[in-house]
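To start, the structure under review is shown below, and the notes come after it.
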Amino acid sequence: MVMNPKQVFLSVLIFGVAGLLLFMYLQVWIEEQHTGRVEKKREQKTTSGWEPVNYLQPVPRIMTREKIQERITDQNPEFHITEEPKGKKENLLNSERPIRVLRKTSHSQGEDGALGKPTRPQTIKLSEKHEGTKTVFKKFSERKWPLDIRPLNKSLVKDNQWKETDVAQETRRSFLQEFCKKYGGVSRPQSHLFHMVSRIYVEDKHKILYCEVPKAGCSNWKRILMVLSGLASSAYNISHDAVHYGKHLKKLDSFDLKGIYSRLNTYTKAVFVRDPMERLVSAFRDKFEHPNSYYHPVFGKAIIKKYRPNACEEALNNGSGVKFKEFVHYLLDSHRPVGMDIHWEKVSKLCYPCLINYDFVGKFETLEEDANYFLQLVGAPKGLKFPNFKDRHSSDERTNAQVVRQYLKDLTRTERQLIYDFYYLDYLMFNYTTPFL
């Protein structure tokens, strides 16, 4: 059958329109599929877990007004509270606020893990399997912060030898609470909850939460927690490696939100602190004046490369022989060549004492008395006493005020002032006197 020109024209037109419609449909379908995949990946990124963190880089921060000012003035005090704005208390704790990222942030893990070797990525889903987790998180975030101080349960203290220690403890607790009320200016936590509790160790048997502050007796405190939990019979039989690398103790951030919330509300929370300048010198002596397979190559090499002019090849290769003045330049540098570390990080950023209301504030300067009184409060076995031995480098003189003076001799007055400015909040929170300036 021969088609006339009119029929041919109609056939071509019909097929052309059909082809055009099919093409348009396929184009829309492809775009929808692509958009769906992108959204799914985006959703997985924000809800399915924490991405691995490069611990050599600083944690991203929101560029607040205070942070911008800090960058501009370089090493001026991070927190200035000598003058309060009229009609409004200055908010010290929000001068730097971590972005609420779903990744586990950490101050460089000297004892607990290498900077260059981040541990296995952990996953925490916002849509938890357990019903009610969202409710718990909402309940937690809506609490009044800082939490109200609650009286210590002293029913287990049977003798009168702790009267002076108890008076000192109540004074510290009241001072910290008043400081936080006056200068905290927060109504709810601004940091990611899991980061806030990441330095807190849990001992469930005696219901203890202990926030680790390195160079303030933390090694022996971990030994005590291991004895209390039944992992060891004596604190004197636990090696340094077992304490720091054994992973025997649980941390609060290993629990779900409900577990974190319930423990914060019912357990006895303790933090032990130390004069910031002493703690800094102690950390330097421990990590840089003795052979160290981690701190020398990771921190030492970077510090020598940036702060020592005409450094020799050997020092650049092994990172040994860092001088205290070079270490201080690294600490005060807003563009550090390597990130911060828990051994010299501020207590205010390790334990969040104005957001987590600690029931017990111990000091390294009275460590044995404070620790043994605390053990009485929590009902520890009568024979358990806080060990007084030096964890490492036992032949070295303990870092004290006299030793600190020797190290500060190499610094200018300006450098000493800047160290004080760096730890300004810790000095104020825990009522330490002005150091040797």
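For the reader, a short list of remarks on this structure follows.
- Selection within the stretch 314-325 - buried (at least 18 other Cβ atoms within 10 Å of the Cβ) and within 17 Å of Tyr420 (Cα to Cα): Phe324
- Those residues of the stretch 290-313 which are of a type in the set (Gly, Ala, Ser) and open to solvent by less than 70 Å² (accessible area, probe 1.4 Å), in sequence order: Gly300, Ala302, Ala311
- Any chance Lys305 is within 25 Å of Asp421 (Cβ to Cβ) and of a type in the set (D, E, K, R): no
- Among the strands (runs of 3 or more DSSP E) confined to the stretch 181-289, the ones with at least 1 residues that are surrounded by fewer than 22 Cβ atoms within 10 Å (Cβ to Cβ) and among the hydroxyl-bearing types (Ser, Thr, Tyr) are located at 200-203, 268-273.
- Residues in the stretch 399-421 that are charged (D, E, K, R) and touching a helix residue (DSSP H, G or I) at 6+ places or on another chain (Cβ under 8 Å) were compared, and the one that is nearest to Thr434 (Cα to Cα) is Arg416.
- Residues that are farther than 20 Å from Arg398 by Cβ and touching a residue at least 60 places away in the same chain (Cβ under 8 Å) within the stretch 209-228 comprise Leu209, Tyr210, Cys211, Val227, Leu228, listed in sequence order.
- Residue within the stretch 337-346 that is in contact with a Lys or Arg (Cβ under 7 Å, 6 or more places away or on another chain), at pLDDT below 95 and among the small types (Gly, Ala, Ser) present: no
The values are calculated or read from the model by the stated rules, or taken from the named source; none is laboratory data. Quick caveat, the model's predicted, so the values are computed rather than measured. Backbone-built Cβ (ideal geometry, glycine too); neighbour counts: all protein chains shown. These area figures cover heavy atoms from the full protein model, side chains too; ligands, DNA and RNA do not enter into them. Shrake-Rupley method; radii C 1.70, N 1.55, O 1.52, S 1.80 Å.
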